[in-house]
Amino acid sequence: KSTILRLIQGLYLPDSGQITLNGQRLGAVPPGRWRAGLAVMPQDTVLFQRTIGQNIALADTPDPARLRAAAREADAAGFLEAAPGGYEAVPTQGSGGYSGGQLQRIALARALYRGAPVLLLDEATSALDAGMAREVWRRVCAAAPDATVILVTHSPDLAEGADRAFRFEGGRMQEVPAAPAGKGGGRHDRN
């Protein structure tokens, strides 16, 4: 599953077959142009020795309004703003004292801050309980209504309302019927 995300990012080239973008082979698209439209949330979150705001924006001078909006959309604003120093706090080495779920929400805020048309989310909610995971997924859908979101998850209920769903089985990817939206509150345009 992580390999397919690396292929989509253009970090790996396929051994066989091809990945196309609007009918054009991805390998023919300049990598910088393609990657400029991507926001990636890897499975493991890394915090840098910069402020939390700079960690989210991946910039020296984050836009305060965008920063707060991204943190709110990722359900991270509450714990970040309540912590001493808020967005100006510099995390300690490693996890910075944040729980796995908090780190995932910081990483999700980082992806949402970017405002990219394609979001690649690898196990974005694996450290959250089922109810919180559904809430975060609902927030992502509301925050990026026009984006293509590729969500890799082991939780089939998070795929509720997706336009298309795929399963990896025996080393192959196969499309499966997408479940209609249930408790999630409506269908979302997601892959």
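The values are calculated or read from the model by the stated rules, or taken from the named source; none is laboratory data. This one's a predicted model, so the numbers in the text were calculated from it and none came from an experiment. FYI the Cβ positions are ideal-geometry reconstructions off the backbone, even for glycines, and counts take in every protein chain you see. The protein model used for the area step is the full one, side chains on, heavy atoms only, and it has no ligands, DNA or RNA in it. Shrake-Rupley method; radii C 1.70, N 1.55, O 1.52, S 1.80 Å.
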Inside the stretch 70-87, the number of residues satisfying the requirement of being touching a residue at least 40 places away in the same chain (Cβ under 8 Å) and in a helix (DSSP H, G or I) is 2
Condition set part of a strand (DSSP E or B) and touching a helix residue (DSSP H, G or I) at 6+ places or on another chain (Cβ under 7 Å), scope the stretch 93-120, selection farthest from Gly37 (Cα to Cα): answer is Leu120
Arg33 passes all but one of the listed conditions (1) surrounded by fewer than 17 Cβ atoms within 10 Å (Cβ to Cβ); (2) at positive phi; the exception is number (2)
Checked Ile56, Ile52, Ile4 against criteria (out of contact with any Pro (no Cβ under 6 Å at 6 or more places or on another chain), crowded, with 16+ Cβ neighbours inside 10 Å and more than 30 Å from Phe79 (Cβ to Cβ)); the one match is Ile4
Note on the stretch 134-156: residues under 20 Å from Arg68 (Cα atoms) and either open to solvent by 30 Å² or more (accessible area, probe 1.4 Å) or part of a helix (DSSP H, G or I) (or both) are Glu135, Val136, Trp137, Arg138, Arg139, Val140, Cys141, Ala142, Ala143, Pro145
Just a yes or no: is a residue in the stretch 111-123 closer than 30 Å to Arg167 by Cα and among the aromatic types (Phe, Trp, Tyr)? yes
Matching residues in the stretch 114-133 (of a type in the set (D, E, K, R) and open to solvent by 60 Å² or more (accessible area, probe 1.4 Å)) number 2
For Val90, the lone unmet condition from (1) part of a helix (DSSP H, G or I); (2) open to solvent by 60 Å² or more (accessible area, probe 1.4 Å) is (1)
Those residues of the stretch 1-38 which are assigned to a helix (DSSP H, G or I), free of Cβ contacts under 8 Å to residues at least 60 places away in the same chain and of a type in the set (A, V, I, L, M, F, W, C) amount to Leu7, Leu26, Ala28, Trp34
